[in-house]
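Reviewing the structure listed below.
The values are calculated or read from the model by the stated rules, or taken from the named source; none is laboratory data. As the structure is a computational prediction, the values presented were derived from the model and not from experiment. Neighbour counts run over all protein chains shown; Cβ positions are idealised from the backbone, glycine included.
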Amino acid sequence: MLTKLWRSLPFQTGFSIALGAVLLTLILSITVYNWTIKKVVRDSNLRISQLVSTVERSASIAAYLDNSELALDVTQGLVKNDIVTGVSLRSDSGMRIISGSPFNFNDDNILHFSLANPFMTDEKIGDIFIKPNQNNIDAQATQMGFIFVSMLTTHSLIITIFVIFLVQSRLTRHLTVLAKTLHKIEPGSVERLQCPPLHRNDEIGLLVRDTNQLLTAVQNTLEGERRLREYSETLEKQTRKEAERDPLTNLLNRRAGERAIARALQKAEAGKTRCAIMLIDLDKFKPINDTYGHDAGDHTLVTISNRLIKTLRKNDIVIRWGGDEFLILVQQGHGDLQESVIADKILAALAVNIDLNENTKASIGGSIGISLYPDHGTDATHLIDLADKAMYHIKRSGRNGHFIHTPGDSV
């Protein structure tokens with residue numbers, strides 16, 4: 001959860017702005033504080049200089065006359081100010097007057113003022129040394145620095161909150177919504193990003209338009225691939241159909257039929273059911289082909305194929321075995337196999353006259369040889385061979401009938 005929050009754009013943006021504001025405020029606060037201390041010191045020194053200016057003539061007379069009483073009045077008057085803790089007035093002739101707390105004249109913060117002869121200003125006659133009230137100065141500096149830093153911090157905080165709010169409302173919030181919406185869009189779908197009204201003419205609007213163009217390009221690419229895949233599948237099915245189907249009758253050809261028979265026998269073995277393989281050779285087909293031409297022969301084969309399909313069940317297999325021969329695999333249903341009944345139905349369907357043209361009808365029949373699975377064997381090639389022999393048996397016996405192979409028969 002924390003990792004997800006840390007990686008979010010709104011959090012990173014707000015955190016970066018806040019961190020930058022804190023660092024900037026810290027730097028400015030240190031700078032302002034140092035400047036405040038220097039300003040308070042300058043102001044204090046200026047006030048002390050102004051105080052000295054007011055008593056300078058009295059101090060010069062006291063130093064000129066070595067008047068200790070006047071000098072003491074001057075120093076005590078200066079010490080009464082809250083910005084002064086100690087004053088020393090000296091004359092070049094040796095007078096020393098000190099008021100307030102004692103101090104080291106070598107301290108860096110000791111202020112020194114020279115006293116000139118009140119009658120000859122170019123002649124030095126003494127000095128005044130003043131020790132500023134450092135505690136008072138530090139207190140003022142701290143107070144003013146705290147006020148300035150507080151104002152600066154408050155100002156920075158207000159600006160930071162405003163900037164974060166502005167960035168969130170104008171930028172990151174919309175980018176977050178766009179990112180979540182884009183994440184939900186499936187490749188190839190018709191969904192598109194909606195540009196916020198405020199950003200139609202800026203970089204976010206440009207980003208939305210470019211993203212939608214990419215989504216459209218992806219959709220077109222995927223649709224093209226889908227159409228190509230569908231075309232390939234259709235072409236594959238058509239090619240497979242052409243490879244497996246007889247072009248005239250649309251029945252399974254011999255090669256595809258052999259695979260279908262093998263699968264059917266495997267299914268029968270698994271289900272412990274029986275099958276019948278029937279090999280049909282059309283009777284009196286050659287005269288039709290010779291007399292009325294190949295078109296009439298083709299019409300006859302197509303008609304016979306349609307009749308076989310209508311006579312048999314959907315799960316039975318009908319194969320054009322070659323020329324005028326058809327191979328049928330009949331699978332056992334819920335009841336008995338009833339191969340003889342089915343063979344009679346086939347013969348009845350074949351016996352119906354075929355219209356060759358408006359004035360000509362043809363009558364044909366069929367010789368059907370039958371082998372049974374697993375009664376006569378389990379190998380497809382062997383069963384087809386037995387059905388072929390049974391078919392020739394019925395042909396020699398008068399045609400237009402069916403014969404079931406019997407083990408031990410000599411055919």
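Miscellaneous remarks
- Taking first residues from the range 102-113 that are under 11 Å from S88 (Cβ atoms) and partners that are loosely packed, with under 11 Cβ neighbours inside 10 Å and not small (G, A, S), the Cβ contacts under 9 Å between residues at least 6 apart in sequence or on separate chains come to F105/H112; I110/N104.
- Failed criterion for I158 (all others in (1) surrounded by fewer than 16 Cβ atoms within 10 Å (Cβ to Cβ); (2) touching a residue at least 12 places away in the same chain (Cβ under 8 Å) hold): (2)
- Candidates N67, N106, filtered to the one that is surrounded by fewer than 21 Cβ atoms within 10 Å (Cβ to Cβ) and either modelled with pLDDT under 90 or more than 17 Å from G126 (Cα to Cα) (or both): N106
- Put simply, of L308, L329, L350 the only residue that is part of a strand (DSSP E or B), buried (at least 20 other Cβ atoms within 10 Å of the Cβ) and among the aliphatic types (A, V, I, L, M) is L329.
- Flag if T153 is modelled with pLDDT of 75 or more and touching a helix residue (DSSP H, G or I) at 6+ places or on another chain (Cβ under 6 Å): yes
- Test: residue in the range 386-394 that is in the same structural domain as S305 (by TED's automatic domain parsing), out of contact with any strand residue (DSSP E or B) (no Cβ under 6 Å at 6 or more places or on another chain) and either under 24 Å from V302 (Cβ atoms) or surrounded by 13 or more Cβ atoms within 10 Å (Cβ to Cβ) (or both): yes
Per-residue answers, yes or no, for (1) assigned to a helix (DSSP H, G or I); (2) touching a strand residue (DSSP E or B) at 6+ places or on another chain (Cβ under 9 Å); (3) surrounded by 11 or more Cβ atoms within 10 Å (Cβ to Cβ):
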| position | (1), (2), (3) |
| --- | --- |
| R170 | yes, no, yes |
| T176 | yes, no, yes |
| P187 | no, no, no |
| N212 | yes, no, yes |
| G224 | yes, no, no |
| R227 | yes, no, no |
| K237 | yes, no, no |
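- Criterion violated by G205 - all others in (1) touching a helix residue (DSSP H, G or I) at 6+ places or on another chain (Cβ under 9 Å); (2) within 30 Å of I304 (Cα to Cα) satisfied: (2)
- From the options F129, F113, F103, F148, residue that is assigned to a helix (DSSP H, G or I) and under 30 Å from T36 (Cβ atoms): F148
- Among the residues listed as S371, S363, the single one being within 29 Å of G271 (Cβ to Cβ) and not basic (K, R): S371
- Some residue of the range 80-93 being part of a loop (DSSP other than H, G, I, E, B) and either among the aromatic types (F, W, Y) or at positive phi (or both): no
- Qualifying positions in the range 39-60 - touching a helix residue (DSSP H, G or I) at 6+ places or on another chain (Cβ under 7 Å) and in contact (Cβ under 8 Å) with a residue 40 or more places away in the chain: V40, V41, S44, A59
- Annotation note: of L46, L78, L72, the sole residue that is surrounded by fewer than 19 Cβ atoms within 10 Å (Cβ to Cβ) and in contact with a strand residue (DSSP E or B) (Cβ under 8 Å, 6 or more places away or on another chain) is L72.
- Subset of the range 232-259 (residues that are farther than 15 Å from N306 by Cβ and either β-branched (V, I, T) or in contact with an Asp or Glu (Cβ under 6 Å, 6 or more places away or on another chain) (or both)): T234, T239, N253, A256
- Some residue of the range 262-284 being outside the structural domain of L193 (by TED's automatic domain parsing), under 48 Å from the mean Cα position of the chain (by Cα), under 21 Å from G333 (Cβ atoms) and modelled with pLDDT of 90 or more: yes
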